[in-house]
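Here is the structure we will look at, set down as structure tokens.
Laboratory data are not the source of any read-out in this text; all were calculated from the coordinates shown. All values derive from a computational prediction rather than experimental measurement. Methodologically, a virtual Cβ is constructed for each residue, glycine included, from the backbone with ideal geometry; neighbour enumeration extends over all protein chains shown.
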Amino acid sequence: MTFLIQQTLLYAIPLMIVALAGVFAERSGIINLALEGIMIFGAFIGVLFVNLVQQAGVFDAAKEANNWVALQGFELMAMVAAAIMGAVFSLLLSFASVNLKADQTIGGTALNLLAPALVLFFIRIIANQNTLQMASGDAASWFMIKKSFFGYGRNDEMGFFGSTFIDKTYIATYICILVFVILSILLYKTRFGLRLRSCGENPQAADSLGINVYKMRYAGTTISGALAGMGGFVYALTTANCASTGDVAGFGFLALAVMIFGNWKPLNIAGAALLFGLFKCVAASYSSIDINGDGIFLLAEAGISPHFYRMLPYLITLVVLAFTSKKSRAPKAEGIPYDKGRR
Amino acid sequence: MNQRLSQLWGRDGTKSVLASLISILIGMAVGGVIILIVGLANSTLGLNSAWEGIRLAFLGLFSTGRDASGALTFGFNPVNIGDMLFRATPLILTGLSVAVAFKTGLFNIGAPGQYLMGTAVTLMLALGIPSETVPPALIWLIAFLGGTLAGALWGCIPGLVKAFLNINEVLACIMTNWIAANLVTWVFDGSDFRNLVENTKSGYIYKTSFNNVETAKLGLDQIFPNSQVNGGIVVAIVIAILVWILMSKTTLGYQLKACGANRHAARYAGIADKRNIVLSMAIAGGLSGAGAALYYLSGNTEFFWSTYQTLPAIGFNGIPVALLAASNPIAVVFTGCFMSMLDIVGQQITNLTAYNEYITDVIIATIVYLSAFSLVIKMLLSGRKKRRAAAEEEENGELPGDGEETVSFGQDGEPAVLPGASEAEPAQGPEESAPSPEESSPGDEGEQPGKGGEKA
């Protein structure tokens, strides 16, 4: 059970934060199909940051002294770096769709093509192979929170709560949850959030009330880019051992599905992300999931092909969308370039 | 003569071609700049190697390797050109696939999945039917049609959910892509089609030539010796012409385009919009499947079956092919060749310099990015013309007339610009949101003279 919850969270948290990234863009009126590309780019920047800082030897002393607080700070810095560069990358999308009134779907697709191409081009030149990894050690030894940090010995029990939510976790997971809560409040309880949402529903009305629609759309897409970039790095850190390969296995698109399933509302999205995280977790580690702890690996012994489990998240997405799409209520003005002269 | 030129200049198709050419040039320039920056920033590469990389990026098709002194040499290279035609074959068809969907207002990002399904069925038929009893030519035909049909059926799924359940076809396409990738791996995992004879190739399916099935060369191997070219390129061009006839000369094509222009207006006019959406996706899927069939039936291509983590790039590259061609089926043939040329260029860059083939992907992505606002480029192109027309209007005190749009087609022998190009709108996405040139051009014409100046 502990294993199942931890694994589900590993997949659900990046999904959740990237789906929120989609919400910020779409609520401001921009379809951000580029989430996948921004994730790939953010993952690359984060891993590159970790790699370069390690090579510079900044945190070697902290690592030697087992100063885990400093290492957590290092992880946070990498997350911030990924977020900043994700935001910068997303400016390409906002420039095309706000200033040039370009087709947002094609602009997003262009970014999705551009990110892996750029990332792989640089990775090949930097690392002479198709994967960029940490310069030394692995994600678990550098960044994972372990029970030994809190004075527990190898055989000490932490209790269910401790062993599930503290031992062998990443601080990135909790930072993401915190950011998710803060930004959801920002979107719903502040003046800025209300203005942002109005630009996605009726930009003409918003403009008539003195709200700068272009600025708001830039803000929405930039926040979206920052979140997606951070989500990409968190994904690479927690599920891919802090390696960048120019690929996030369709997570950005799954996040879009989560967003639509969650009806563009943060709370629903959190629930949807957990559901999808569960399926993704089943797909990734069905052979080692022991649901009730009796030593029987039910899913592996059910005789179903592993290919079916891998297909499941996408299949479920399609089925779920089929059932919910009639009720879904997308922001009214999403995808429509705002033109002051039109009404 | 002068009038002829200005008529040609005024036509929408000409502007589409120019906008595409500008996109290509900017894309190549961005690639060159990135090579230059990397070369200068990296002490082991240096300016010389950056210059070599840039020259290859532009002229890689004519690269003939290095001479004895190590300098790059250029000239006619039949292997490169033959390979370009061979690789263009599937790209033309996936490009057509995306283009047909575009014309119906759909964004077919599901080409990779349809391509994979086409691959699987083609290979199973081509390898599964015994060539001792059935003539190979017949097997070829069955496998080709089977692959096409599989692609069409797979393309139906996003079409159906779009038409009847109102699911965004982009999302549905992406999900079906990954489902296809897993399904194909599942089908081939443990099957007899895996190549177990050559033990270095554990992850591959047999070439179809194991079963004596391969595409006829049609004498093309005489023109381009040692290259992979075969008759598939001819089939692809024929299909492109057929698609052009379908889209511009038949009622069905007109109905499809009407649905793309305005789905609700089309329904009001009595066109079955749901049926046409499904049909359009089926045609698009069939074209992608046919592309896969032609590629893998060539006899010397191998399919890596454990593909559940990757989608074929050929499917995605159909998008830039269609966008650059402004969704014109005939122009797709040329842009498909251009994209496969970039592929060859990437190969040359990897082989001859310290850079790698991903720079050509950057170029392609830049081109897609630019074609997203090709409308802006077109507007800039027509800005000068508009201003002149506005000035004349002021002088004569009469309307300049819609001379730009009403020029009858086919007056001049410009083969690359066919009537279809005028309806093609690269920036027209599925949301029916971007103002199409038909909407915006007349509006611009009628604008006040003072406003015309703001465009430039």
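Being closer than 30 Å to B:A265 by Cα and surrounded by fewer than 24 Cβ atoms within 10 Å (Cβ to Cβ) is the requirement here; does B:L165 meet it?
Judged against the criteria, B:L165 is a match.
Do you know which residues across region A:201-245 are of a type in the set (S, T, N, Q) and at negative phi?
Listed by number, the residues that qualify are A:N202, A:Q204, A:S208, A:N212, A:T221, A:T222, A:S224, A:T238, A:T239, A:S244, A:T245.
Of the residues that make up region B:218-226, is at least one touching a residue at least 60 places away in the same chain (Cβ under 8 Å), away from chain A (no Cβ under 14 Å), surrounded by fewer than 16 Cβ atoms within 10 Å (Cβ to Cβ) and not in a helix (DSSP H, G or I)?
Checked region B:218-226: at least one residue is touching a residue at least 60 places away in the same chain (Cβ under 8 Å), away from chain A (no Cβ under 14 Å), surrounded by fewer than 16 Cβ atoms within 10 Å (Cβ to Cβ) and not in a helix (DSSP H, G or I).
Taking region B:355-371 on its own, how many of its residues are in contact with a Ser or Thr (Cβ under 6 Å, 6 or more places away or on another chain) and either free of Cβ contacts under 8 Å to residues at least 40 places away in the same chain or of a type in the set (G, A, S) (or both)?
3
Looking at region B:157-182, which of its residues are more than 7 Å from chain A (Cβ to nearest Cβ) and of a type outside the set (S, T, N, Q)?
B:I157, B:P158, B:G159, B:L160, B:K162, B:A163, B:F164, B:E169, B:C173, B:A180, B:A181
Considering only region A:95-131, how many residues are touching a Lys or Arg at 6+ places or on another chain (Cβ under 9 Å) and facing another protein chain (nearest Cβ under 7 Å)?
Of the residues in that region, 0 qualify.
If you scan region B:23-33, which residues turn out to be free of Cβ contacts under 8 Å to residues at least 60 places away in the same chain and under 19 Å from A:I126 (Cα atoms)?
B:G32, B:V33
Do the conditions hold for B:S63, that is, is it over 18 Å from B:V362 (Cβ atoms) and either within 13 Å of chain A (Cβ to nearest Cβ) or among the small types (G, A, S) (or both)?
Yes.
Check region B:272-279 and report whether any residue there is surrounded by fewer than 18 Cβ atoms within 10 Å (Cβ to Cβ), outside any helix (DSSP H, G or I) and away from chain A (no Cβ under 14 Å).
Among the residues of region B:272-279, at least one is surrounded by fewer than 18 Cβ atoms within 10 Å (Cβ to Cβ), outside any helix (DSSP H, G or I) and away from chain A (no Cβ under 14 Å), which makes the answer yes.
From (1) in contact with a Gly (Cβ under 7 Å, 6 or more places away or on another chain); (2) within 14 Å of chain A (Cβ to nearest Cβ); (3) among the hydroxyl-bearing types (S, T, Y); (4) closer than 24 Å to B:P136 by Cα, pick out the condition that doesn't hold for B:T208.
(2)
Of all residues in region B:227-241, how many are within 16 Å of the chain's Cα centre (by Cα) and not in a helix (DSSP H, G or I)?
Residues that pass the stated criteria total 0.
So which residues in region B:176-234 are out of contact with any helix residue (DSSP H, G or I) (no Cβ under 9 Å at 6 or more places or on another chain) and of a type outside the set (F, W, Y)?
Across region B:176-234, the qualifying residues are B:G190, B:L196, B:E198, B:N199, B:T200, B:K201, B:S202, B:G203, B:S209, B:K217, B:G219, B:Q222.
Please go through region A:136-157 and pick out each residue that is surrounded by 15 or more Cβ atoms within 10 Å (Cβ to Cβ) and not aromatic (F, W, Y).
A:A139, A:M144, A:I145, A:K147
Residue under question is B:G260, and the condition is that it be in a helix (DSSP H, G or I) and within 14 Å of chain A (Cβ to nearest Cβ); does it hold?
Spelling it out, B:G260 is indeed in a helix (DSSP H, G or I) and within 14 Å of chain A (Cβ to nearest Cβ).
Please give the helices (runs of 4 or more DSSP H) falling wholly within region A:78-181 in which 1 or more residues are in contact with a Leu (Cβ under 7 Å, 6 or more places away or on another chain).
A:104-127, A:139-143
Can you tell me which residues in region B:183-200 are in contact (Cβ under 8 Å) with a residue 12 or more places away in the chain, within 10 Å of another protein chain (Cβ to nearest Cβ) and outside any helix (DSSP H, G or I)?
Of everything in region B:183-200, just one residue is in contact (Cβ under 8 Å) with a residue 12 or more places away in the chain, within 10 Å of another protein chain (Cβ to nearest Cβ) and outside any helix (DSSP H, G or I), namely B:D189.
Specify the residue that is surrounded by the most Cβ atoms within 10 Å (Cβ to Cβ); the eligible residues are those in region A:196-208 that are of a type in the set (S, T, N, Q) and not in a loop (DSSP other than H, G, I, E, B).
Among them, the one singled out is A:S198.
Search region B:34-51 for residues being without any contact (Cβ under 8 Å) to a residue 40 or more places away in the chain and among the hydrophobic types (A, V, I, L, M, F, W, C), and hand back the single one that is surrounded by the most Cβ atoms within 10 Å (Cβ to Cβ).
Checking each candidate, the answer is B:A50.
Rundown of residues vs (1) touching a strand residue (DSSP E or B) at 6+ places or on another chain (Cβ under 9 Å); (2) assigned to a helix (DSSP H, G or I); (3) of a type in the set (K, R); (4) free of Cβ contacts under 8 Å to residues at least 12 places away in the same chain, yes/no style:
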| position | (1), (2), (3), (4) |
| --- | --- |
| A:G210 | no, no, no, yes |
| A:Y214 | no, yes, no, no |
| A:L237 | no, yes, no, no |
| A:D247 | no, no, no, no |
| A:A255 | no, yes, no, no |
| A:L274 | no, yes, no, no |
| A:A284 | no, yes, no, no |
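Take region B:105-138 and flag every residue that is assigned to a loop (DSSP other than H, G, I, E, B) and on the phi < 0 side of the Ramachandran plot.
B:L106, B:F107, B:N108, B:I109, B:G110, B:I129, B:P130, B:S131, B:E132, B:T133, B:V134, B:P135
Confirm whether B:I174 is aliphatic (A, V, I, L, M), surrounded by 24 or more Cβ atoms within 10 Å (Cβ to Cβ) and assigned to a helix (DSSP H, G or I).
Yes: the conditions hold for B:I174.
Determine, yes or no, whether B:L93 is in a helix (DSSP H, G or I), in contact (Cβ under 8 Å) with a residue 12 or more places away in the chain and closer than 18 Å to B:F316 by Cα.
Against the criterion (in a helix (DSSP H, G or I), in contact (Cβ under 8 Å) with a residue 12 or more places away in the chain and closer than 18 Å to B:F316 by Cα), B:L93 qualifies.
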